[in-house]
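Values quoted throughout were computed directly from the atomic coordinates according to the rules given, and no laboratory measurement underlies them. These figures come from a predicted structure and were not determined experimentally. Here Cβ is always computed from backbone atoms with ideal geometry, including for glycine, and neighbour counts include all displayed protein chains.
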Amino acid sequence: MDLSFIAEHYVPVVLVACLVVGYCIKHISWLEAVSNEYIPTILAVLGASLGCVAAGGVTLENIVYGAVTGLASTGLHQMFSQIIKGNLGS
């Protein structure tokens, strides 16, 4: 199965915005009450919303690509965390 078409539809602005929001949720002390298990859901919803704003309209395609981009920011954060800790690839 070729999933390379998904990479064509990432919205870089949404990716960065979700990455920043996810980082803030994870590291700001007064947001500790938000469980780590909710962060991907929050970022998927935020990404879907921002995807519609960035693309200029609410369509199913914009919602899906925005949500996937929001979830990708979660994976990107995990990848960077593993690289910094030196655990990637071992």
Simple spin-label model, 7 Å along Cα-to-Cβ: Val16 to Leu31 in nm?
1.8 nm
Applying the Karplus parametrisation 6.51 cos²θ - 1.76 cosθ + 1.60 with θ = phi - 60° to the phi angles of the range 15-22, what ³J(HN,Hα) value in whole Hz is obtained for each residue in order, glycine and proline being reported as x?
4, 5, 4, 5, 4, 5, 5, x
